[in-house]
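The values are calculated or read from the model by the stated rules, or taken from the named source; none is laboratory data. Please read all numbers here as calculations on a predicted model, not as lab measurements. A quick note on method: Cβ atoms are made from the backbone with ideal geometry, for glycine too, and the neighbour counts reach across all protein chains shown.
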Amino acid sequence: MDISPLYHNTRPEGPLLPQEEAAFDMLERLGIGYDRVSSDPADNMEKCAAVADVLGMPICKNLFLCNRQKTQFYLLCMGPDKPFHTKDLSRQIGSARLSFAPEEALWELLHCTPGSATILGLMHDHDHAVRLLMERKVYEAEYLSCHPCICTSSLKLKTADILQRFLPETGHTVTVVDLPD
């Protein structure tokens, strides 16, 4: 897999997709610093592991979920090696059994494609249709890693900047969840 060196507060060169440009614009407007790595599409956790080595931290696993009726949507940010058991999470958040949300809803609500779901996509969720869930270890970590709405770049951000600047700007809150190992 082709991976760039680590860049600090630098966008990828060349034209960006609209959702990617919007993510970088928002980070800059909010004064949120980041380290960035560009790569071939890192659209699964195995590919993200190679990118994580350059970033110096693991990339969050972001799952876009919904209830059975597809009326409630969730973005779950969790550690890359943490197993996901829908029963454990459903009980904690008081939801009917969860499943992966349709690709169309991922695009419509977060402007992300499969493999690029990200907390930064919440900037597109103006109606607050998506509830943000963060695994406790991710929530308490000093840094958070994610894609800027496209899986050919990966970012390392201060978690405090996401919690104290980004989320208030989008109007989203976070629900911290405990997932068993």
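Evaluated against (1) among the acidic types (Asp, Glu); (2) surrounded by 15 or more Cβ atoms within 10 Å (Cβ to Cβ); (3) over 14 Å from Thr118 (Cβ atoms), Glu20 falls short on exactly one condition, (3). Among the residues of the stretch 93-125, just one is within 27 Å of Ala49 (Cα to Cα), surrounded by 15 or more Cβ atoms within 10 Å (Cβ to Cβ), out of contact with any His (no Cβ under 7 Å at 6 or more places or on another chain) and hydroxyl-bearing (Ser, Thr, Tyr), namely Thr113. Scanning the stretch 58-74 for residues that are at negative phi and surrounded by fewer than 19 Cβ atoms within 10 Å (Cβ to Cβ) yields a count of 6. Using the structure shown, decide if Ala42 is under 15 Å from the mean Cα position of the chain (by Cα), of a type in the set (Gly, Ala, Ser), modelled with pLDDT of 85 or more and surrounded by 18 or more Cβ atoms within 10 Å (Cβ to Cβ). Here the answer is no, as Ala42 does not meet what is asked.
Ser116 meets each of the listed conditions (1) in contact with a helix residue (DSSP H, G or I) (Cβ under 6 Å, 6 or more places away or on another chain); (2) within 21 Å of Asp161 (Cα to Cα); (3) among the small types (Gly, Ala, Ser) apart from (1).
Which one is farthest from Leu167 (Cα to Cα) among residues in the stretch 119-136 that are touching a Phe, Trp or Tyr at 6+ places or on another chain (Cβ under 7 Å) and not basic (Lys, Arg)? Out of the qualifying residues, it is Ala129.
So which of Gly31, Gly14 ends up being at positive phi, more than 17 Å from the chain's Cα centre (by Cα) and modelled with pLDDT of 95 or more?
Going through Gly31, Gly14 in turn, just one is at positive phi, more than 17 Å from the chain's Cα centre (by Cα) and modelled with pLDDT of 95 or more: Gly31.
Where strands (runs of 3 or more DSSP E) fall wholly inside the stretch 124-181, the ranges with 3 or more residues that are farther than 19 Å from Gln92 by Cα and under 12 Å from the mean Cα position of the chain (by Cα) are 143-146, 153-158. Among what's in the stretch 144-176 and is farther than 20 Å from Asp2 by Cβ and basic (Lys, Arg), pick the residue that is surrounded by the fewest Cβ atoms within 10 Å (Cβ to Cβ). Here the residue is Lys158.
Need a quick list: strands (runs of 3 or more DSSP E) entirely within the stretch 1-97 having at least 3 residues that are under 17 Å from Cys146 (Cβ atoms) and hydrophobic (A, V, I, L, M, F, W, C). Steps first, please.
Working: elements: 35-38, 61-67, 73-78.
Those strands (runs of 3 or more DSSP E) span 61-67, 73-78.
Condition test on Gly121, is it touching a residue at least 60 places away in the same chain (Cβ under 8 Å) and under 14 Å from Thr152 (Cα atoms)? For Gly121, the condition - touching a residue at least 60 places away in the same chain (Cβ under 8 Å) and under 14 Å from Thr152 (Cα atoms) - is not met.
Within the stretch 1-11, can you find the residues that are exposed (fewer than 14 other Cβ atoms within 10 Å of the Cβ) and modelled with pLDDT of 90 or more? Result: His8, Asn9, Thr10. Could you tell me whether any residue of the stretch 154-175 is under 16 Å from Glu20 (Cβ atoms) and without any contact (Cβ under 8 Å) to a residue 60 or more places away in the chain? Checking the stretch 154-175: not a single residue is under 16 Å from Glu20 (Cβ atoms) and without any contact (Cβ under 8 Å) to a residue 60 or more places away in the chain. Selection of first residues in the stretch 77-92 that are surrounded by 16 or more Cβ atoms within 10 Å (Cβ to Cβ) and at pLDDT 85 or above and of second residues that are of a type in the set (Lys, Arg) and assigned to a helix (DSSP H, G or I), restricted to Cβ pairs under 8 Å at least 6 apart or on distinct chains, gives the following pairs, ordered by first then second residue: Gly79/Lys137.
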